[in-house]
Amino acid sequence: MDMERYDVIVVGAGFGGLTSAARLAKKGYSVAVLEASSELGGCAGKFDRHGYRFGAGATVGMGFEEGGVLKRLFEELEMELPPMTSLETIMNIYTPDDTIHYYQKTDQWYQEVDRVFPTNSQQVKRFYEEVFRIGSRIDQLLLDLPVFPPNRWKDWPKLLKYVNPNSIALTPYMTQTVMDRLKSYNLHQDEAFMSFLNGQLMDSVQTTADQCPAFLGYAALQTFHKGAFSVKGGLATIAEKLAESIKANGGEVVLRRPALHITPKDGRWVVKSRRERQYEASKVVLNNSLHNFHQLFDQEVHKQSAIQKDNLTSSWGAFMLYIGVEDAFSEDVLYHQIIQDKAKPLSEGNQFLLSLSGKGDTQMAPPNKRAITISTHTEVAQWWKRDDYEDLKDKYTERILNGIEKHFPDFRSTIDVLMPGTPVTFERFVKRDKGRVGGYIPNGRFSWLHHQSVYTGLDGVYACGDTVFPGAGTLGTSLSGWMVAEEIQKG
Ligand SMILES: Cc1cc2nc3c(=O)[nH]c(=O)nc-3n(C[C@H](O)[C@H](O)[C@H](O)COP(=O)(O)OP(=O)(O)OC[C@H]3O[C@@H](n4cnc5c(N)ncnc54)[C@H](O)[C@@H]3O)c2cc1C
């Protein structure tokens, strides 16, 4: 039985794992990335079918602007970013009464605020000023904070060096929810604004204003206004570039190579894969979801870790439609959020995001066609009752297609290819336990205290990805991968 030896083994080629591996390989560490599936990028990866390339989950790129996390990553790797379009209109948001044009530039957005939230437009703008002010303070802090949140007593002293006027100013936002802040602007009763804001929060932090700690919500809400991008060929192109960089710096990225079991051996770790393949390293980076953590370790090793199944906060699943269409879209806007009923929960097809491939992006679709990825939040449990599965898929597909046709009449007649995806699909293709995706769901003002940091409590084993602070989105996920690389370099 051959044993391959490395400095670092990374389990999973999602944005988190690829970021940490690329940084470490560039610094001269010998790195192997083991990826279970046949694609790179995990939830932000792609698959090719019937002449189209579909984004598996994530579609909107963030962090590529000057100073952004991914821009800095590519600079560090001395690589060019692939071609991408900066989105002037981040998305159109359709409610039963209005279409909101969500602009990236603040002055343009504020003009739209005057139009769509006329009664409270001044308060909305004041609220956004606070979001931007506090958001930029959070940015300064996040990149340096591997021990956040402090899950272990020994993390607290490490946090002391970050106590300064900037971090102290954040305290009120760590002890209130977004809703608490909205109340102070008297915006909590503005139905139109609340519906818009909750839609944005659901897509970025997986929860609504009443459950979202203010500092997390603000960090997410400001992000789009710093930069939102459509990457040519989809976000999978970024994953491919990161894998190229790892290989160019002597590392390995191996597809169809799942980590099945991890055991300690003489102060190092042995990762077992299929066909008796074994890899040994002093450091292991887990980029598979924390919901899958327990599957990799023997019970006595697992018990010593900080990751206990009962403590993990829950996550949503996603229902997806992957659609190839004739290009009948007249507008340049690529992202369309549809809210069908403002009074109902923003999940289960009542709210969904429709993402179009760029016009003329032939990596994504044949000429004069477009590839569409549609996603809505869904409770995972219902998808595991086998008897209802096909009916449920049909019901959700209909609900979403009906929602689209209210704003894009005759959409159905342009469909060339249509494939649904469910939590079962996500478990099958990206190995997410029960198909839980998109990271943890914050559930109250102090819920951030229960999130996991990159430390697993096992010496030399780190975690990154959307179930680790700061959580959801390719940007947050890359940030946790960045932090892990930083920690490993500290030794
Ligand atoms: C429907 C949907 C829409 C989204 N939209 C956006 C968006 O528009 N913009 C955005 O920024 N973010 C978006 N996100 C969030 C974003 O996709 C994720 O937060 C991010 O991609 C997660 O990356 P990750 O590295 O944590 O994990 P993943 O992407 O899940 O990657 C983990 C990888 O590990 C592999 N793996 C798992 N177990 C093993 C094992 N035992 N051995 C080896 N490999 C293993 C998996 O196959 C997978 O490739 C969306 C997510 C979803 C689900």
(request) Please indicate, with yes or no, whether at least one residue in the stretch 271-288 is in contact with a helix residue (DSSP H, G or I) (Cβ under 7 Å, 6 or more places away or on another chain), closer than 20 Å to G465 by Cα and not in a strand (DSSP E or B). (result) yes
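Residue-wise test of (1) without any contact (Cβ under 8 Å) to a residue 40 or more places away in the chain; (2) surrounded by fewer than 21 Cβ atoms within 10 Å (Cβ to Cβ); (3) under 20 Å from the mean Cα position of the chain (by Cα); (4) not in a helix (DSSP H, G or I).
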position: I400; (1), (2), (3), (4): no, no, no, no
position: H407; (1), (2), (3), (4): no, yes, no, yes
position: S413; (1), (2), (3), (4): yes, yes, no, no
position: V417; (1), (2), (3), (4): no, yes, no, yes
position: F429; (1), (2), (3), (4): no, yes, yes, no
position: K434; (1), (2), (3), (4): no, yes, yes, no
position: N443; (1), (2), (3), (4): no, yes, yes, yes
position: G465; (1), (2), (3), (4): no, no, yes, yes
(request) Evaluate the following for S347: is it in contact with a strand residue (DSSP E or B) (Cβ under 9 Å, 6 or more places away or on another chain), in a loop (DSSP other than H, G, I, E, B), within 16 Å of the ligand (Cβ to nearest atom) and modelled with pLDDT of 95 or more? (result) yes
(request) Run G481 past the list (1) within 16 Å of the ligand (Cβ to nearest atom); (2) in a helix (DSSP H, G or I); (3) within 30 Å of A328 (Cα to Cα) and report the number of the one that doesn't hold. (result) (3)
(request) Report, ordered by the first and then the second residue, all pairs with beta carbons closer than 6 Å, sequence separation of six or more or different chains, a first member in the stretch 107-127 that is closer than 17 Å to M194 by Cβ, and a second member that is hydroxyl-bearing (S, T, Y) and in a helix (DSSP H, G or I). (result) V113/S121; K125/Y110
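Being of a type in the set (G, A, S), within 12 Å of the ligand (Cβ to nearest atom) and not assigned by TED's automatic domain parsing to the domain that holds I372 is the requirement here; does G42 meet it?
Spelling it out, G42 is indeed of a type in the set (G, A, S), within 12 Å of the ligand (Cβ to nearest atom) and not assigned by TED's automatic domain parsing to the domain that holds I372.
Do we have any residue at all in the stretch 213-222 that's touching a strand residue (DSSP E or B) at 6+ places or on another chain (Cβ under 7 Å) and in contact (Cβ under 8 Å) with a residue 24 or more places away in the chain?
First, pick out the residues of the stretch 213-222 that are touching a strand residue (DSSP E or B) at 6+ places or on another chain (Cβ under 7 Å): 213-214.
Remaining after also requiring in contact (Cβ under 8 Å) with a residue 24 or more places away in the chain: 213-214.
Within the stretch 213-222, one or more residues are touching a strand residue (DSSP E or B) at 6+ places or on another chain (Cβ under 7 Å) and in contact (Cβ under 8 Å) with a residue 24 or more places away in the chain.
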(message) Cβ contacts < 7 Å: first residue on the phi > 0 side of the Ramachandran plot, restricted to the stretch 3-19; second residue of a type in the set (D, E, K, R) and near the ligand (Cβ under 10 Å from one of its atoms), any location; separation 6+ or different chain. Result?
(response) G12/E35
(message) If I ask for residues that are in contact with a His (Cβ under 7 Å, 6 or more places away or on another chain) and hydroxyl-bearing (S, T, Y), which ones from the stretch 68-94 would you list?
(response) T89, Y94
(request) List every residue pair whose Cβ atoms sit under 6 Å apart, with the two residues 6 or more apart in sequence or on different chains, where the first one lies in the stretch 262-281 and is in the same structural domain as L296 (by TED's automatic domain parsing) and the second, anywhere, is modelled with pLDDT under 95 and assigned to a loop (DSSP other than H, G, I, E, B). (result) E276/M1
(request) Would you kindly identify the helices (runs of 4 or more DSSP H) lying entirely within the stretch 152-253 that contain at least 2 residues that are closer than 26 Å to R436 by Cβ, touching a Ser or Thr at 6+ places or on another chain (Cβ under 9 Å) and among the polar types (S, T, N, Q)? (result) 191-205
(request) Check G61, G68, G16 and return the single one that is at pLDDT below 95 and within 16 Å of the ligand (Cβ to nearest atom). (result) G68
(request) Can you confirm whether the stretch 83-96 contains a residue that is at pLDDT 95 or above, surrounded by 15 or more Cβ atoms within 10 Å (Cβ to Cβ), more than 16 Å from the ligand (Cβ to nearest atom) and in a strand (DSSP E or B)? (result) yes
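The values are calculated or read from the model by the stated rules, or taken from the named source; none is laboratory data. This one's a predicted model, so the numbers in the text were calculated from it and none came from an experiment. Virtual Cβ from ideal backbone geometry, glycine too; neighbours counted across all protein chains shown.
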